[in-house]
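FYI, it's all coordinate maths here, none of it is from the lab. All figures in this text were calculated on a predicted structure; none of them were measured in a lab. For neighbour counting, all protein chains shown are included, and Cβ atoms are generated from backbone atoms with ideal geometry for every residue, glycine included.
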Amino acid sequence: MRLKEVINFLDEKISKSLALDSDEVGFRKDYDLTQEITSIKIYMDFLPKDDEYPENTLIITHHPPLFIPETPTYTIHSNWDIIDGGANEALAETLKLEVIGYFDDKTNIGRICMSKSNFKELRDILLNNFENVRIVNELDDGKKISKVGIISGFGLKNPEYVKMAKNKKLDLLISGDLCQETAILAKNLGITLIDLGHHESEVPGLYKLKETISECDIDIEIVDENPIQKL
């Protein structure tokens, strides 16, 4: 497929129009749209050291790169977080939760989910799928979990989302980017937060993205490199 055909396919499946106004999605420079694309690489974060692919390769990133790549690079960011069947549904599937609505009704960021587990059962699911789980306000093992908020990526650095979880009477909020301010706020409000890490909470979405665009019938590879390493 020519690059223009691939981009038209992507925009039909995951429209740029869904993205938040402040978000950078799509291309950040002009590329040759007539070139044939035989390989797609999906990155969470594309770095200058990786910008050495041969012709006929398309890079798809979730986060907008902090440089202008020479390799054709197309970003699918908040539109993938917002669209039904995107990053948040992928996270819900991993956590064995049933999506019943949107978390932020103004933007459709995040999801509210139903759970049939107690806290121990949900904790086991978390620990079986994620390596660096952190929690504020741990619950008793037998506590029945009914309503859970999930936000793929950045949700726990936003104090307004912590307040929203409390106001919506959720049992807990699962996301990434927990910080001291929101941890203390959660302590004050008595709301349970579970931090999976920003990168980790979005990885299920990368695999869902690969599945979504596999109809292109082009070789697709996920390059999963977490920029935060363990000592």
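Observations
- In plain terms, the chain from D21 to Q35 could stretch by 2.1 nm, reckoned as 0.36 nm per residue minus the Cα-Cα distance.
- Test item: Cα-centred dipole of the chain, Lys/Arg +1 and Asp/Glu -1 on Cβ, debye: 1320
- Entry note, the stretch 3-80: relative contact order of 37 percent, from Cα contacts under 8 Å with a spacing of 6+ residues.
- Estimated from helical segments only, the mean residue ellipticity of the chain at 222 nm is -9000 deg cm²/dmol, where each DSSP H run of four or more residues counts as -39500 (n - 2.57).
- With the convex hull of the Cα atoms taken as the outline of the stretch 1-138, the averaged projected area works out to 10.4 nm².
- Taken over the alpha carbons of the stretch 3-80 as equal point scatterers, the Debye sum produces base-10 log I(q)/I(0) values at 0.13, 0.20, 0.27 Å⁻¹ of -0.35, -0.85, -1.49.
- Net charge dipole size for the stretch 87-201 [Lys, Arg +1 and Asp, Glu -1 on Cβ; Debye, nearest 20]: 440
- As a proxy for reagent exposure, ranking E181, E52 by other Cβ atoms within 10 Å from fewest up yields E52, E181.
- In sequence order, the stretch 187-202 has phi-based couplings of 4, 5, 8, x, 10, 8, 10, 10, 9, 9, x, 4, 4, 4, 6, 9 Hz under the Karplus curve 6.51 cos²θ - 1.76 cosθ + 1.60, θ = phi - 60°, and Gly or Pro positions carry x.
- The Cα atoms of the stretch 87-201 define a convex hull whose projected area, averaged across directions, is 6.0 nm².
- The H on the amide N of Y74, modeled in the peptide plane, is under 5 Å from the matching H of I59, I60, T61, each at least 5 residues off or on a different chain.
- Positive-pole candidate from I37, C216, I112, dipole of the chain, charges at beta carbon: I112
- Couplings for the stretch 60-77, taken from phi via the Karplus curve 6.51 cos²θ - 1.76 cosθ + 1.60 with θ = phi - 60°, read 10, 10, 8, 8, x, x, 8, 8, 9, x, 7, 5, x, 9, 10, 9, 10, 10 Hz in order; Gly and Pro are left as x.
- Using C-alpha pairs below 8 Å separated by at least 6 residues, the relative contact order for the stretch 87-201 is 25 percent.
- Taking all Cα pairs closer than 8 Å and separated by 6 or more residues, the relative contact order of the chain comes to 20 percent.
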